[in-house]
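K.L.:
Before we start, here is the structure in question, set down as structure tokens.
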Amino acid sequence: MWDAFDILLQANFWAATIRIATPLIFGVLGALLCERAGVLNLGIEGIFVAGAMSGWLAVYLGLPLWGGVLVAAGVGALFGLIHGTLTVPLGLSQHVTGIGVTLLATSVAYFGYRVAFPNVATPPRIEPFAPLDVPVLGELPFIGPILGQQTAFTVLAFACVGILAFVLARTPLGLALRAVGDNPEAVEAQGLSVVGLRMGAVMAGSALMALGGAFLTLSAFNAFYFGMINGRGWVCIALTVFASWRPGKALLGALLFGALDAYQLRLQTITGGAVPSQIFLMLPYLFSIAALVLVARRADYPRALMKPYFKGQR
Amino acid sequence: MHPDPRPLVLSLAGITKRFGPLTANDQIDLDVRAGEIVALLGENGAGKTTLMSILFGHYIADEGTVHIAGADGQLVPLPGGSADAALKAGIGMVHQHFALAENLTGFENIVLGTQPLFSLTLTRRAARAKIERLMAESGLTADLDVPVARLSVGEQQRIEILKALYRDVRVLILDEPTAVLTPQEADGLAATVRALAGRGLAVIFISHKLHEVLALCERVVVLRGGAKVADRPTAGADRAMLAELMVGRAIPPRERPPSTPGAPVLSLKAVSVGSPGQRDRLEQADLDVCAGEIVGIAGVSGNGQGALASLVAGLAAPREGEARIAGARLGRADPSGRIAAGVGRIPEDRHRDGTVGALTVAENYVLESISEPENQSGGFLRRGAIRARAQEAIAAFDVRCPGPDAAIRALSGGNMQKVVLARALAREPRLVLAHQPTRGLDIGATTDVHRRLIAARGRGAAVLLISEDLDELFALCDRIAVVHAGHLSPAMDTQGLDVRTVGLMMAGHGAGEAA
């Protein structure tokens, strides 16, 4: 019993929590940016795969690590452009288009991998982001070892939370983004472009999603595997509702999910196989479902979410 | 006539707009001068909204030009199809369905789009000072710092007007601005509009309420079937004349024979509906609606009318208290039970609740009695019988449609409502629930609905009429009750009742205070 509690006191557990949460932070921020503007982006799962693959491949082919990050963001924005074009000016079903983008992006990434490496059994490795050397804080007990395992990519995720929160709350652009997801007529009537705002939000949001994938290949691991995204994108869609479309709560939700995942991994080892490991693997997802049941009923969805807007039609 | 000394600020010439075979605007000319209040009058579908949408850049005109005075007073052409260009040229529009983002505050809605998008901060202080100056000058007040969703409809409208004034508009278009206001709020709005016009603002006032047009505007432009049929000063015009111009024929006065009410058909004793947190709920309501009378429910929508209608229609159950229809106590929510008990229902939203758009006129007509032996046998529809019955209803209610097999969504609002009315009244219901039965209908269709309701009353039905249109309530009802924030007033005799009293009660003041 005490073993189960003891896990919470290990710096290793907290370091793993942050590591598992980082891609989710990018994903939830991306999803909430799209949804705040009124567009559901179910392409997220595939965009994660494409970001993971393209960022890693760029570094393998010789770009510096941050160059790989930029390539991943660009690839994400490109898939955002596809999703946005189909759903915003053309007004197609956001669900169907999103699933299509996920299938397309996943397949393109796998195909690209096979074209680049036709005959390898084990994926080639790259030198990933190195852990940060944090002055002062890094020397503290407990905190130090936690920070000492993180990379600059994680710092970028936390910075994005702050930047997105500031943009949404404090800038004219954020005002317009919040408005376009609530009532596009209001935005149009104030002389702003609904299509422009939504396209921009979907492309930027998709770029963030791709960064979540790139974190896995450039920081958490050092190679690209098939199936490595494993539903992380879908979890982000659920966490977005849990976060009530707020960046701060998105961070909280991602960390909570990360903590549960890190916890169940350690719980598996101390129960020593008495309970099937699949039960533990289910835990974070059960949490997601439970959280949604509690939160989603009261959730304040952006009013225009999933409603296509056509100019001159009321 | 003397030439008007005031400068021209807006000039439309030969505006034509076609949607497929329909000509929504046909060669319309309109000049507006600074400081002038012009009424744009017409029935639904006459082309008012299309014309204003062209002016505001939602649509592009097929033919014709729009000129607006520039900063130097010279008329310059306005490029079509851009709301941004219209705003920059000084045209502001207050839409009937407010163009407000409800998750933003009033302040945020006003400054939305007025500052460069990609700047690091929102300039708050200067914007705030300007809005406060405008509020002081115009007398428009509203809470700027709470999300718009929490403001009253009147406040939301004031935010809408401030939004236009903040852009220094010289032409302000108000689209049906009083449709959602209490009479007092409407008076306040009229005073504001006069004050703004006094400062040189040109106002285009779109309405179909003739008395408002006559009281507020100095000139009236009437559209009918997409064409301009009159452009004249309001002085010397009267309601009958304007109504005739709008409709194109004389409107016969409404006949309302006396009637002696019988026993209560609908009876509510201390009935509550909906949870206390809801805005649209009923608390401890008492109401009797007797056979052979029309009882009206006045109030700004969302104050409990929805809960009352849901209760009577069988979509909600009473939370507490005793509700009876013809003596039988109402328990659970049970729409088919209500139909069987003799309730004829005319729902508020005929598109959403009244009809199934993809089904035919005949199918919609029998929707409430689909399991009756006259409509089915052994689980199979009796198509021939259904079509024949629908054909009779189409003739009796004068529904203009290609036939019983036409999809109902292809019908105009008025004809769709006639089908709903026919279905509700065909089986001679004991109680008729009419929830906003004339919303969005033209004068002809409205007169028809009124005639049918009065006929139902004459036949001995109890009629519960829920409406936001006080003119309608005063014209039809024997008694009127007012609902505000879930509380229902006692029903008062319409004879000797003052519209202003009802208006005050709609705003939440008691009957005693109002007197």
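The values are calculated or read from the model by the stated rules, or taken from the named source; none is laboratory data. Because the structure is predicted, anything quoted here is derived from the model rather than measured. Glycine also receives a Cβ, built like all others from the backbone with ideal geometry; neighbour counts cover every protein chain displayed.
K.L.:
Can you work out which of the residues in the stretch A:293-309 that are away from chain B (no Cβ under 11 Å) and in contact (Cβ under 8 Å) with a residue 60 or more places away in the chain is farthest from A:His95 (Cα to Cα)?
P.N.:
A:Tyr309
K.L.:
Take the residues in the stretch B:81-92 that are at the interface with another protein chain (Cβ under 7 Å from one of its Cβ atoms) and buried (at least 21 other Cβ atoms within 10 Å of the Cβ); name whichever of them is nearest to B:Glu63 (Cα to Cα).
P.N.:
B:Ala83
K.L.:
May I pose another question? Taking A:Ala37, is it among the aliphatic types (A, V, I, L, M) and farther than 15 Å from A:Gly212 by Cα?
P.N.:
Against the criterion (among the aliphatic types (A, V, I, L, M) and farther than 15 Å from A:Gly212 by Cα), A:Ala37 qualifies.
K.L.:
Considering each residue of the stretch B:108-126, count those that are surrounded by fewer than 17 Cβ atoms within 10 Å (Cβ to Cβ), more than 7 Å from chain A (Cβ to nearest Cβ) and not polar (S, T, N, Q), and give that number.
P.N.:
The total comes to 3.
K.L.:
Identify, from the list B:Asp62, B:Asp29, the residue that is exposed (fewer than 14 other Cβ atoms within 10 Å of the Cβ) and charged (D, E, K, R).
P.N.:
Selected residue: B:Asp29, the only one of B:Asp62, B:Asp29 that is exposed (fewer than 14 other Cβ atoms within 10 Å of the Cβ) and charged (D, E, K, R).
K.L.:
Continuing with this model, one more query. Do any residues in the stretch A:236-247 that are crowded, with 23+ Cβ neighbours inside 10 Å have Cβ atoms under 7 Å from those of residues that are of a type in the set (Phe, Trp, Tyr), where the two are at least six apart or on different chains, and which pairs are they?
P.N.:
Taking only residues 6 or more apart or on different chains, the pairs are A:Leu239/A:Phe257.
K.L.:
Any idea which of (1) outside any loop (DSSP other than H, G, I, E, B); (2) in contact with a strand residue (DSSP E or B) (Cβ under 6 Å, 6 or more places away or on another chain) is the one B:Ile394 doesn't satisfy?
P.N.:
(2)
K.L.:
Given the conditions (1) of a type in the set (Phe, Trp, Tyr); (2) under 16 Å from A:Gly213 (Cβ atoms); (3) under 20 Å from the mean Cα position of the chain (by Cα), and given that A:Trp14 satisfies all but one, which numbered condition is not satisfied?
P.N.:
(2)
K.L.:
While we're looking at this one, here's another question. What tally of residues in the stretch B:275-288 results from selecting those that are under 25 Å from the mean Cα position of the chain (by Cα) and buried (at least 21 other Cβ atoms within 10 Å of the Cβ)?
P.N.:
Summing the residues that are under 25 Å from the mean Cα position of the chain (by Cα) and buried (at least 21 other Cβ atoms within 10 Å of the Cβ) in the stretch B:275-288 gives 2.
K.L.:
If you go through the stretch A:151-171 one residue at a time, do you hit one that is within 25 Å of A:Val69 (Cα to Cα) and within 10 Å of another protein chain (Cβ to nearest Cβ)?
P.N.:
Scanning the stretch A:151-171, I find at least one residue that is within 25 Å of A:Val69 (Cα to Cα) and within 10 Å of another protein chain (Cβ to nearest Cβ), so the answer is yes.
K.L.:
Could you name every one of the helices (runs of 4 or more DSSP H) located completely within the stretch B:401-515 that has at least 2 residues being under 23 Å from the mean Cα position of the chain (by Cα) and aromatic (Phe, Trp, Tyr)?
P.N.:
none
K.L.:
Of all the helices (runs of 4 or more DSSP H) wholly in the stretch A:1-102, which have at least 2 residues that are crowded, with 24+ Cβ neighbours inside 10 Å?
P.N.:
Passing ranges, in order: A:11-36, A:44-60, A:65-87.
K.L.:
Determine the pairs where a residue that is over 20 Å from B:Ala164 (Cα atoms) and in the same structural domain as B:Ala235 (by TED's automatic domain parsing), located within the stretch B:200-218, has a partner that is assigned to a loop (DSSP other than H, G, I, E, B) and not β-branched (Val, Ile, Thr) with Cβ atoms under 8 Å apart, the partner being 6 or more residues away or on another chain.
P.N.:
Final answer for the pair search is B:His208/B:Gly42; B:His208/B:Glu43; B:His208/B:Asn44; B:His208/B:Glu176; B:Leu214/B:Ala237; B:Leu214/B:Asp238; B:Glu218/B:Glu36; B:Glu218/B:Ala235.
K.L.:
Where in the stretch B:156-274 are there helices (runs of 4 or more DSSP H), lying wholly inside it, with at least 3 residues that are at pLDDT 90 or above, among the basic types (Lys, Arg) and surrounded by fewer than 18 Cβ atoms within 10 Å (Cβ to Cβ)?
P.N.:
The helices (runs of 4 or more DSSP H) meeting that bar number zero.
K.L.:
Right, something else. Kindly indicate which of B:Glu137, B:Glu102, B:Glu63 is within 23 Å of B:Gly198 (Cβ to Cβ) and not small (Gly, Ala, Ser).
P.N.:
It is B:Glu137.
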